[in-house]
1. Let me confirm something: among Glu123, Glu179, Glu142, which residue is assigned to a helix (DSSP H, G or I) and on the phi < 0 side of the Ramachandran plot?
2. Condition first: touching a residue at least 40 places away in the same chain (Cβ under 8 Å), crowded, with 21+ Cβ neighbours inside 10 Å, among the aliphatic types (A, V, I, L, M) and part of a helix (DSSP H, G or I). Can you find one or more residues in the range 97-108 that meet it?
3. Kindly indicate whether Glu26 is at pLDDT 50 or above and surrounded by fewer than 16 Cβ atoms within 10 Å (Cβ to Cβ).
4. Would you check if Thr53 is under 14 Å from the mean Cα position of the chain (by Cα) and modelled with pLDDT under 75?
5. Filter the range 175-193 down to the residues that are small (Gly, Ala, Ser) and surrounded by fewer than 18 Cβ atoms within 10 Å (Cβ to Cβ) and list them by number.
6. Please give the number of the condition Val157 fails out of (1) farther than 22 Å from Asp48 by Cα; (2) without any contact (Cβ under 8 Å) to a residue 40 or more places away in the chain.
Amino acid sequence: MKLKAIALVSAIAVGGLSVYGCGSGEQAAPGIKPEIFTDSLFAVMNSDRTNYTKLIVQRLGPNKGDFIKPTEHWEDNEMGAPLPAQMFRLGAEGVAEVTDDFTYSLQSLWPINKQNAPKTPMEEEGLQFIIDNPGQNFYGTEKLGDVSYFTAVYPDVAVSPACTSCHNDHVDTPKTDFEIGDVMGGVVIRVPVGG
């Protein structure tokens, strides 16, 4: 399975692939199943996000000396670094500049930043599903405008004390009792699958 995921990510990096009707041309020929495509994308995103949180943010946290600090207002502070959610959004924005074959976002039913709240009924359903069904992913299809999408929602789990303390202590948080291992939100990946 790991080799299949590596091959898939390599195919994406080298020139894309068709996902049952998505791609850069007309209606693409059937290719890889949307679940495999989104599962593989999530594997890369989740690994990067977890490593950034554990290896960078947690190590640079409070009481670690006069070094760069992860902060919500990192752009206003020359010694600031983006928080994990901000780093994730920057990645999503960068991907959106180079492809429309898929989009992704970090969302929550308890967002600190209101722009991270679900925007469609399917997103809300998916976020509730991953909370109610630990360890499971959510898959569905929805039509937005004239385009049908395969939409997948994956659990975003608190992996470090940096996650829980930041969310629990934030002035704008609607939830203050997150613990390590809790689902804090979800990664929503959307792939167009036809008109």
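1. Working: Glu179 fails: assigned to a helix (DSSP H, G or I); Glu142 fails: assigned to a helix (DSSP H, G or I).
Going through Glu123, Glu179, Glu142 in turn, just one is assigned to a helix (DSSP H, G or I) and on the phi < 0 side of the Ramachandran plot: Glu123.
2. No, because not a single residue in the range 97-108 is touching a residue at least 40 places away in the same chain (Cβ under 8 Å), crowded, with 21+ Cβ neighbours inside 10 Å, among the aliphatic types (A, V, I, L, M) and part of a helix (DSSP H, G or I).
3. On the way: at pLDDT 50 or above: no; surrounded by fewer than 16 Cβ atoms within 10 Å (Cβ to Cβ): yes.
Answer is no for this residue.
4. Details: under 14 Å from the mean Cα position of the chain (by Cα): yes; modelled with pLDDT under 75: yes.
So Thr53 fits the description; yes.
5. Within the range 175-193, the first condition is being small (Gly, Ala, Ser), and the residues that meet it are 181, 185-186.
Correct list: Gly181 only.
6. Going through (1) farther than 22 Å from Asp48 by Cα; (2) without any contact (Cβ under 8 Å) to a residue 40 or more places away in the chain one by one, Val157 breaks only (1).
Condition check ((1) under 17 Å from Leu106 (Cα atoms); (2) crowded, with 21+ Cβ neighbours inside 10 Å; (3) within 17 Å of the chain's Cα centre (by Cα)) across all residues:
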residue: Lys119; (1), (2), (3): yes, no, yes
residue: Phe129; (1), (2), (3): yes, no, yes
residue: Val157; (1), (2), (3): yes, no, yes
residue: Pro161; (1), (2), (3): no, no, no
residue: Thr173; (1), (2), (3): yes, no, no
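The values are calculated or read from the model by the stated rules, or taken from the named source; none is laboratory data. Note that this is a predicted model, so its numbers are computed, not measured. Backbone-built Cβ (ideal geometry, glycine too); neighbour counts: all protein chains shown.
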